[in-house]
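Structure first, commentary second.
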Amino acid sequence: YVAAVYEHESILSPTPAALVDRQSALELMGRNLDIYEQQAVAAARQGAQIIVFPEDGIHGFNFTRSSIYPYLDFVLHSHSVKWNPCREPYLFNDTEVLQRLSCMALKNKLFLVANLGTKQPCEQTDPHCPSDGRYQFNTNVAFNDDGMLVATYRKHNLYFEYAFDTPPEPDYKFFDTPFAGKFGMFTCFDILFFEPAVNLIKQYNLKQIAYPTAWMNQLPLLSAVEFQQAFATAFNINILAANIHHPTLGMTGSGIYTPVKSFTYHNMESYGGKLIVAEIPVITTDYETSLDQKTPSRVSEKGNEQLPPQFYAEMMYDNFTFVPVWGEKGELQVCANTLCCYLNYQKAVLTDELYALGVFDGLHTVHGTYYVQACALVKCGGLSFSTCGQEVTDATALIDFQLWGNMSTPYIFPLLLTSGITLDFADHRGWKNNHYFMSKNRTSSGLLTAALYGRWYEKD
C-alpha cells in the first residue's frame, strides 16, 4: 500500500502561556491546518491511501493547563457514536478542527491520522476528575477515506505535558483499513513503555502502526529515526512515524519503516516541512530472523594479554561502564550488574577515531523513569575517554562487528546508526544460547552507534 507521513514545521503561538479566546486559537490552528490541507492533496496525488501528521502539529506546545483550553476540541471517546464531522458538523460544539481534518480525509479519499488537544467534561463523582471539572487529553484521531471518525487514542505516557491529563485507563486503539488491515495508534514517549504500545501490538497482533510524535533527538541511542526503525525491526511491523520539524529544539526525524527497509527524513539544517510517500508491503507473516552460523562463542580468557582499561562515562544521563575499542581487530567484553556485553570487531582501515564498548544495566531516571539494559558500541566525541557518550553525528571508520549480550528481557531494540544520522540494517540478529546478538559486515558509511537497547519493562 502507499503511505504518507508529513514532518511539519508548526506555526507556533509566540506566547503559549497567554490566555486567548477560541477565535484566536482557531486562527492560529487554521494556519497549520491550511498546510495540512496542501499536504493531504499532494499525498493523494502520489497515490497515498493513508497520511499521518505529527504530535502537537496543529496547536504547538509549552501551554499551561488553562492557556491550552481555547485550543481544545470536544471529542466523545466512545465506540457507540458513529460520527462524520465533515458531513455532520452540528452534532457537537467546539469541533472545528475535527471538521477540517474529516473533510481533508473525505475530499482526498484517504485515511488520515492527526494529533490535537481534546476536552471532555467529567463529574465530580468521578474520582479521577480534575478540580476544574474537565479532562484535557493529548489525542490522536483517525478518519477513514469517507471522513468518518474511526478511532481516538489518548496519550498515556505524557512527557512533562502539564496541560494534559493521563487517561484513567490505557487506550488500546486501532482501526481497520481495506488496504492493510488493522492500524494501531500511540504517541511519542509511549514508544518506550509497555503500556499501551507493546501490549496493543501483542494483544491484537498488529502489523501497522500510525505514530504521531514530537521527539527531541538524543544521540547516541535515542535519535528519532534510529529508535523508530529499531522498534519496527524488533516487533516486525510497519510504522508510519510523523515528527515535528523544529531543529532549534532538536526536533526532526520521520519515516515510513518496514522491518527490512526504511524511508526516512532527518534534517537539522533547513527549515520547512517534508512529505514522505512510500509504497510498502502489507505484513502478513512474521519475517524469520536469520541466524548467523558464525555466531560468536564466549570470548576466551587469554592469560597474559594486556586487557584494555575499563572506564566510566556518562551517556544518555546514565553511568556506562566502557572499554576502549583499540587496534584494528579484537575481542572485548564488559559487564555491569547481571549484563555482560561482548564484541568481535575488525576495522577496515585504522582511523584516528576513538570507539568504545559500553554497558548499562539499571534504572534510567532523567526525563522519565524506565529500566534499560544496553550494550553499545559508540564513536566517542574526541580522543579522550571522557568524550565517550557524547553526541556525535559524523564518523569515517568502517567496522565489521558482532555484538552480543546476555540480556534478561525479550524486548531488544537493535540500533544501527551511521555517519550523518543515516540508518543501516544488521546482516543478522536474534537469540542464540540465551544471548541476543547482531552482526554486520561493513556499514554503508562510518559507524556512529551499534547497540542492543533492551527495555526490561517489569523493573520500571
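Points to keep in mind about this one:
- Filtering the stretch 396-444 to residues that are open to solvent by 10 Å² or more (accessible area, probe 1.4 Å) and either among the small types (Gly, Ala, Ser) or in the same structural domain as Lys202 (by the TED database) (or both) leaves Ser408, Ser419, Gly420, Ala426, Ser444.
- A single member of Leu307, Leu350, Leu339, Leu363 is surrounded by 14 or more Cβ atoms within 10 Å (Cβ to Cβ) and not basic (Lys, Arg), and it is Leu339.
- Remark: pairs (first residue in the stretch 190-205, farther than 16 Å from Tyr159 by Cβ; second residue open to solvent by 60 Å² or more (accessible area, probe 1.4 Å) and of a type in the set (D, E, K, R); Cβ separation under 8 Å; 6+ apart in sequence or on different chains) = Phe194/Asp460; Tyr204/Lys182.
- Among (1) basic (Lys, Arg); (2) under 25 Å from the mean Cα position of the chain (by Cα); (3) surrounded by fewer than 21 Cβ atoms within 10 Å (Cβ to Cβ), the one test that Lys329 misses: (2)
- Filter pass, Ile237 being assigned by the TED database to the domain that holds Phe193 and surrounded by 24 or more Cβ atoms within 10 Å (Cβ to Cβ): no
- The residue that is surrounded by the fewest Cβ atoms within 10 Å (Cβ to Cβ), counting only those in the stretch 97-135 that are under 30 Å from the mean Cα position of the chain (by Cα) and among the hydroxyl-bearing types (Ser, Thr, Tyr), is Tyr135.
- Among the residues examined, Gln23 qualifies as more than 20 Å from Asn140 (Cβ to Cβ), out of contact with any Lys or Arg (no Cβ under 8 Å at 6 or more places or on another chain), in the same structural domain as Arg100 (by the TED database) and in a helix (DSSP H, G or I).
- Boolean, Thr443 is within 27 Å of Asn267 (Cα to Cα) and at pLDDT below 95: yes
- Residue, farthest from the chain's Cα centre (by Cα), within the stretch 204-220, restricted to residues that are surrounded by fewer than 24 Cβ atoms within 10 Å (Cβ to Cβ) and farther than 21 Å from Tyr1 by Cβ: Leu219
- Selection of the stretch 393-446 for residues being of a type in the set (Val, Ile, Thr) and either touching a strand residue (DSSP E or B) at 6+ places or on another chain (Cβ under 7 Å) or in a loop (DSSP other than H, G, I, E, B) (or both) yields Thr393, Thr396, Ile399, Thr409, Ile412, Thr418, Ile421, Thr443.
- Residue match in the stretch 40-61 (condition: surrounded by fewer than 22 Cβ atoms within 10 Å (Cβ to Cβ), at pLDDT 95 or above, outside any loop (DSSP other than H, G, I, E, B) and in contact with a Ser or Thr (Cβ under 8 Å, 6 or more places away or on another chain)): no
- Count of the stretch 62-80 residues which are surrounded by fewer than 21 Cβ atoms within 10 Å (Cβ to Cβ) and in contact (Cβ under 8 Å) with a residue 12 or more places away in the chain: 10
- Total residues in the stretch 81-91, condition touching a residue at least 12 places away in the same chain (Cβ under 8 Å) and open to solvent by less than 50 Å² (accessible area, probe 1.4 Å): 4
- Filter result for Phe263 (free of Cβ contacts under 8 Å to residues at least 60 places away in the same chain and within 13 Å of Leu423 (Cβ to Cβ)): yes
- Subset of the stretch 259-276 [open to solvent by less than 40 Å² (accessible area, probe 1.4 Å) and in contact with a helix residue (DSSP H, G or I) (Cβ under 6 Å, 6 or more places away or on another chain)]: Pro259, Ser262, Leu275
- Residues that are in contact with a helix residue (DSSP H, G or I) (Cβ under 7 Å, 6 or more places away or on another chain) and more than 14 Å from Gly57 (Cα to Cα) within the stretch 228-252 comprise Phe231, Phe235, Ile237, Asn238, Ile239, listed in sequence order.
The values are calculated or read from the model by the stated rules, or taken from the named source; none is laboratory data. What you see is a predicted model; the values in this text were computed from it and never measured. When we count neighbours, we look across all protein chains shown, and the Cβ atoms used for this are built from the backbone with ideal geometry, even at glycine. What goes into the accessible areas is simple: the full protein's heavy atoms, side chains included, and nothing from ligands, DNA or RNA. Shrake-Rupley method; radii C 1.70, N 1.55, O 1.52, S 1.80 Å.
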